[in-house]
Amino acid sequence: MKKIGVLTSGGDSPGMNAAIRAVVRKAIYHDIEVYGVYHGYTGLIKGDIKKLEIGSVGDIIHRGGTMLYTARSDEFRTAEGQKKAIDQLNKFGIEGLVVIGGDGSFRGAEKLTEHGFPAIGVPGTIDNDIPGTDFTIGFDTALNTVINAIDKIRDTATSHERTYVIEVMGRNAGDIALWSGLADGAESILIPEEKFQLEDVVSRLMRGHERGKKHSIIVVAEGVGSGAEIGKQLQEATNLETRVSVLGYIQRGGTPTAFDRVLASRLGAKAVDLLLEGKAGRMVGIEQNQIVDHDISEALSKTHQIDKKMYELSQQLSI
Ligand code: ATP
């Protein structure tokens, strides 16, 4: 293999730049040319492709977002779109592709591989919802953004003696809510993976209030429902002054943490190694601090699970 490509796809996540840098530098280290595909699969279909040099990825390791931009492409979901993409790759003489993104982007990599074009997936999403890896690139940064925000909100919650409902990202995955809730001592953590009764949340709040607690934090993953609605119901049921804060896109940006930069560097480099070994249709990940790889189809046939023990612990610590 003499030429490879790299693209970012789906939602951006902090650390994607560090992963691009690792792919480019590791490939050049092995005398392989690297082409950047801009705007994800949309750019791939259009041929928005440029050669990257060592210097092209200088000064990006500490930046959030992605220098290659990212996009969602409906055309690429079709066999015709996938064929156009492979034609472009062939036109540039590219022999393998590294796809940095979430599970949807991995499905795209799987399709390219099915059509005979080797592609490797690198998990880049803040949601931490990809099976086959303990952590995805960007999760740690998003988590730290959330706890910084909650720490600030907590000051106001204490001063005004209020209950705060904080809605965080996670449509299908509760990891951001669970980890931030545990890290911030939330009274309740509501996540899509675990059923809950609003009455339990209410009685937990009332128990705290009765023993003199001045403020409470409830963390809600967006997949559970609207934070505003939950806040309204809690205020009605407890008669405690309740406010809602939706953290939104602040969670997707920002300087990647050391953990995400190191993870991105290790995973990006591993993706290049796999292409050099002639592997295709695989995803890289980290399990028990070891860099691993799995067949994409096999990995995506499973669903990401939250750590049940951590969830139970969060409940035990917020009695
Ligand atoms: P995030 O979870 O952070 O949003 P993602 O990678 O899951 O990231 P998606 O929008 O699901 O984001 O997928 C990104 C792109 O991957 C899609 O716009 C589409 O072009 C491609 N893709 C998704 N699913 C498939 C599929 N089944 N077949 C081919 N391509 C797909």
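Rule-based calculations on the coordinates, nothing more; no lab input. Keep in mind it's a predicted model, so treat the numbers as computed, not measured. We place every Cβ from the backbone using ideal geometry, glycine too, and count neighbours over all the protein chains shown.
Run the quick spin-label model on Asp134 and Glu229: label points 7 Å from Cα toward the beta carbon, then report their separation in nm to one decimal.
3.7
Could you give the length gained by full extension between Asp295 and Thr255, i.e. 0.36 nm per residue of separation minus their alpha carbon distance, to one decimal place?
Contour length minus the Cα-Cα distance gives 11.3 nm.
What is the dipole size for the range 1-102, taken about its Cα centre, with +1 at each Lys and Arg Cβ and -1 at each Asp and Glu Cβ, in debye to the nearest 20?
It comes to approximately 80 debye.
Please provide three numbers in whole Å: the alpha-carbon extents of the chain along the principal axes, with the largest listed first.
Here the Cα extents, ordered largest to smallest, are 69, 36, 34 Å.
Taking the Cα centre of the chain as origin, sum charge times position over the Cβ atoms of Lys and Arg (+1) and Asp and Glu (-1), and report the length of that vector in debye to the nearest 20.
Dipole magnitude for the chain comes out near 660 debye.
Taking H as built 1.01 Å from N, whose amide H comes closer than 5 Å to the amide H of Gly170, not counting residues under 5 places away?
Placed amide hydrogens put Glu222, Gly223 under 5 Å from Gly170.
Taking the Cβ of Glu241 as the centre, find all other residues whose Cβ is under 14 Å away and add up their charges (Lys, Arg: +1; Asp, Glu: -1).
+3
Would you give the gap between the C-alpha center of the range 31-49 and the C-alpha center of the range 228-286, rounded to a whole Å?
Centre-to-centre distance over Cα atoms comes out at 25 Å.
Full-extension gain between Lys279 and Lys195, please, as 0.36 nm times their residue separation minus the C-alpha to C-alpha distance.
Extending this stretch completely gives an extra 26.2 nm.
Using the Cα centre of the chain as origin and beta-carbon charges of +1 (Lys, Arg) and -1 (Asp, Glu), tell me which of Thr257, Ile291, Gly36 is placed farthest towards the positive end of the dipole.
Gly36
What nm value, rounded to one decimal, do you get for the distance between His160 and Asp74 when each label is placed 7 Å out toward the C-beta?
4.1
Sequence neighbours fewer than 8 away in the same chain don't count; with that in mind, list the lysines whose C-alpha is under 22 Å from Lys195.
By straight Cα distance, Lys195 reaches Lys232, Lys302, Lys308, Lys309.
Could you give me the ³J(HN,Hα) list for the range 45-51, computed from phi with Karplus coefficients 6.51, -1.76, 1.60 and θ = phi - 60°, whole Hz, x at Gly and Pro?
5, 7, x, 7, 10, 9, 5
Choose one answer from Asp74, Asp87, Asp103: the residue with the largest mean-square fluctuation in a GNM of the chain with alpha-carbon springs under 10 Å.
Between Asp74, Asp87, Asp103, it is Asp74 that shows the largest mean-square fluctuation.
Rounded to the nearest 20 Debye, what is the dipole magnitude of the range 117-197 about its Cα centre when Lys and Arg each give +1 and Asp and Glu each give -1 at the C-beta?
160
For Ile137, which sequence-distant residues (separation of 5 or more, or a different chain) have an amide H within less than 5 Å of its own amide H, given hydrogens modelled in the peptide plane?
Residues meeting the criterion, in which the H sits 1.01 Å from N, are Gly124, Thr125.
Under a 10 Å cutoff between Cα atoms, tell me which one of Gly15, Gly64, Gly278 has the largest fluctuation in the Gaussian network model of the chain.
Gly278
In the Gaussian network model of the chain, springs joining C-alpha atoms below 10 Å, which of Ser265, Ser105, Ser301 carries the largest mean-square fluctuation?
Among Ser265, Ser105, Ser301, the largest mean-square fluctuation in the Gaussian network model of the chain belongs to Ser301.
Select from Trp179, Thr136, Ile218 the residue farthest towards the positive end of the dipole of the chain; place +1 on Cβ of Lys and Arg, -1 on Cβ of Asp and Glu, and compute about the Cα centre.
With unit charges placed on the Cβ atoms, the residue in question is Thr136.
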